Each structure stands twice: as C-alpha cells, then as structure tokens.
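Below is the structure I would like to discuss, written out as structure tokens.
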Amino acid sequence: MGPSKKLQISIVTDHDIWINDYVVSYIEKLKSNNHNVSWIHDIKKTPTGDICILLGCGQFMEKKIRIKNKSNVVVHESAVPNGKGWSPLTWQIIEGKNIIPISLIEVEEDIDSGQIYFQKEMKFEGNELIDEIRNEQAEKSFELCDLLIDNYPRSVQNGQNQKGKSTFYKKRNR
C-alpha cells in the first residue's frame with residue numbers, strides 16, 4: 001500500500017559505503033510505487049523535492065541544502081539522544097548489546113539532534129557475520145523509510161522531540 005501522492009525523493013549515500021549494494025533494489029521499489037527518485041553521493045548536489053534520505057552518509061547537510069526539501073531524514077542506529085555520533089551500531093555491538101534501536105530522525109544543524117519520526121529494533125544473536133549484520137541494518141533502514149514515505153506528510157507531523165541526556169560515540173579509526 002503506497003501513498004496516492006507521487007513524491008520527489010532523493011537518497012544520499014557516501015560513494016564507497018556498503019549500503020550502496022542495497023540501495024539499487026530499494027530505489028526500484030520506490031519507482032514501482034510511482035515516486036521520482038534521485039540517488040547522489042555528493043550532498044551539495046541534492047535536488048529540490050519532498051524528502052531527502054541520508055543513508056550511510058557522513059557528509060554534513062548545511063541549511064542551504066536542507067531547505068531544498070520539505071523533509072530531510074537520516075537513519076541512525078541508536079535510541080537518540082543516547083548514542084549520537086559515529087558508528088553507533090558497531091560501538092553497541094562492541095559493548096555486547098544484541099538489541100539495538102534504529103531511528104529515523106530529521107536532519108538538523110546539530111548532528112543527530114532532530115525530531116524522531118520512527119524507531120525499530122534490530123536483534124542479534126551475537127554470532128552474526130558482518131554481511132548478516134548489514135543485511136539486518138539495511139532491511140530495518142528501508143522499513144523506517146517506508147513508514148515515512150507511505151504516510152507522508154502525516155508521518156512528519158507526528159515527530160517527537162528527543163528527551164534526555166545526549167551521549168556521543170567517537171569516530172572509529174581503522
């Protein structure tokens with residue numbers, strides 16, 4: 001069940017990121033629901049439209065870019081405001097967690113600080129290989145995006161402000 005309204009959707013991913021392997025089929029699904037979809041790797045080239053989705057994107061979205069779309073969202077693997085910052089899924093796995101929240105939030109000036117639109121949980125046994133972890137992460141990311149798109153614009157009118165103390169994960173080094 002898709003929306004009756006055709007949306008202009010942009011997806012921004014970094015150029016060399018694992019989720020790119022999953023994005024092609026997701027774009028095909030969105031197009032089969034009659035949406036116009038652009039996929040870019042340079043956030044400065046974000047086109048004007050309804051929704052811009054950041055997936056595996058470490059680029060900063062300035063206000064002059066944010067105003068091009070009615071909604072700009074990012075998928076973040078934590079229960080924000082707890083666990084903002086870099087590589088939250090990896091950090092939580094290192095911490096020994098096996099139920100990991102994943103949030104769809106509005107992009108704001110302050111990193112990972114926007115309203116929360118939807119949250120789900122990823123569940124792991126603890127013995128998954130990286131491809132199994134990424135598959136679950138991609139699947140849940142697209143489910144969150146579908147919730148936003150299928151109910152748009154009502155879905156963004158019901159956003160919740162983040163509550164509680166913010167914690168941040170540092171950037172991981174190789």
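The values are calculated or read from the model by the stated rules, or taken from the named source; none is laboratory data. Since the structure is predicted, the reported quantities are computational estimates derived from the model, not experimental observations. Cβ coordinates were reconstructed from backbone atoms using ideal geometry, including for glycine residues, and neighbour counts include every protein chain displayed. The accessibility values were calculated without ligands, DNA or RNA, using every heavy atom of the protein model including side chains. Shrake-Rupley method; radii C 1.70, N 1.55, O 1.52, S 1.80 Å.
How far is helix 20-32 tilted off the main Cα axis of the chain, in degrees rounded to 10, range 0 to 90?
30 degrees
Another question, then. Round to a whole angstrom and tell me the spacing of the C-alpha centers of the range 45-82 and the range 84-104.
Rounded to whole Å, the Cα centres lie 20 Å apart.
Can you give the charge dipole size of the chain about its Cα centre, rounded to the nearest 20 debye, using +1 on the beta carbon of Lys and Arg and -1 on the beta carbon of Asp and Glu?
About 680 debye.
Continuing with the same structure: Once amide H atoms are built 1.01 Å from N in the peptide plane, which residues 5 or more positions from THR167, or in another chain, come under 5 Å H to H?
ASN82, GLY83, LYS84
Please find, in a Gaussian network model of the chain (springs between Cα atoms separated by less than 10 Å), the residue of GLU106, GLU143, GLU28 whose mean-square fluctuation is greatest.
Looking only at GLU106, GLU143, GLU28, the largest GNM fluctuation is found for GLU28.
Kindly sort TRP39, TRP91 by accessible area of their heavy atoms, largest first, with the probe set to 1.4 Å.
On the way: TRP39 85, TRP91 60 Å².
Ranked list, largest accessible area first: TRP39, TRP91.
Let me ask something else about it. Please report the relative contact order for the chain, taking Cα pairs under 8 Å with a sequence separation of at least 6, and give it as a percent rounded to a whole number. Display every interim value, and only then the final one.
Working: 311 pairs, mean separation 37.7, N = 174.
Reported relative contact order: 22 percent.
Which far-off residues, 5 or more places away or on another chain, put their amide H under 5 Å from the one on ILE11, with H placed in the peptide plane?
SER38, TRP39, ILE40, ILE53
Next up: Which trypsin sites (Lys or Arg not before Pro) in the range 1-71 sit in a loop by DSSP (not H, G, I, E or B) and have at most 13 other Cβ atoms within 10 Å of their own Cβ?
Working: sites: LYS5, LYS6, LYS29, LYS31, LYS44, LYS45, LYS63, LYS64, ARG66, LYS68, LYS70; in loops: LYS5, LYS6, LYS68.
Qualifying residues, ordered by number: LYS5, LYS6.
What list of ³J(HN,Hα) couplings, whole Hz, do you get for the range 61-69 from phi and the Karplus terms 6.51, -1.76, 1.60, once you set θ to phi - 60° and write x for glycine and proline?
9, 5, 4, 5, 8, 4, 6, 6, 10
If I fit a long axis through the Cα atoms of helix 130-150 and take the longest principal axis of the Cα atoms of the chain, what angle between them do I get, 0 to 90°, rounded to 10?
40 degrees
Suppose only helical runs count, i.e. DSSP H with n ≥ 4. What mean residue ellipticity at 222 nm does that imply for the chain under -39500 (n - 2.57) per run, divided by all residues and rounded to the nearest 500 deg cm²/dmol?
Mean residue ellipticity, 222 nm, calculated: -8000 deg cm²/dmol.
Continuing with this model, one more query. Is there a quick way to get the dipole size of the range 1-80? I mean about its Cα centre, with the Cβ of Lys and Arg at +1 and of Asp and Glu at -1; what is the value in debye to the nearest 20? Spell out each step's value before the answer.
On the way: 11 positive and 8 negative charges, 115 e Å.
Using only the charged Cβ atoms, the result is roughly 560 debye.
If you don't mind, another one. Determine the dipole magnitude for the range 101-174: charges of +1 sit on the beta-carbon of Lys and Arg, -1 on that of Asp and Glu, nothing else is charged, the reference point is the Cα centre, and the result goes in debye to the nearest 20.
Values: 11 positive and 15 negative charges, 82 e Å.
With only Lys, Arg, Asp and Glu charged at Cβ, the dipole is about 400 debye.
Of VAL37, ILE65, LEU55, which is farthest on the positive side of the dipole of the range 19-95, counting Cα position, with +1 on Lys and Arg Cβ, -1 on Asp and Glu Cβ, and the Cα centre as origin?
ILE65
So, in nm, how far is label PHE168 from label TRP39 when the simple model puts each one 7 Å beyond its Cα toward the Cβ?
Once both label points are built, they end up 3.2 nm from each other.
Ok, one more. At R0 = 30 Å, how high is the FRET efficiency between SER87 and LYS6 if r is their beta carbon distance? Nearest 0.05 is fine.
Details: r = 35 Å, r/R0 = 1.18.
With R0 = 30 Å, the Cβ-Cβ based efficiency is 0.25.
Any idea what % of Cα-Cα pairs in the range 58-121 are farther than 17 Å? Walk me through the intermediate numbers first.
Working: 803 of 2016 pairs.
I get 40 percent for the Cα pairs in the range 58-121 exceeding 17 Å.
What nm value, rounded to one decimal, do you get for the distance between LYS31 and LYS123 when each label is placed 7 Å out toward the C-beta?
Distance between label points: 3.6 nm.
Of GLN160, PRO101, TRP18, which is farthest towards the positive pole of the chain's charge dipole, taken about the Cα centre with +1 and -1 on the beta-carbons of Lys, Arg and Asp, Glu respectively?
Value: GLN160.
On to the next question. Residues with amide H under 5 Å of ASN72's amide H, sequence separation 5 or more or different chain, H placed in the peptide plane at 1.01 Å from N; which?
Sorted by chain and number, the residues that satisfy this are CYS52, VAL107.
Read through the labelled values (i) 29, 20, 16; (ii) 24, 18, 16; (iii) 29, 20, 12 and report the label of the one computed as semi-axes √(5λ) of the Cα gyration tensor in Å from the structure.
Here the calculated entry is (ii).
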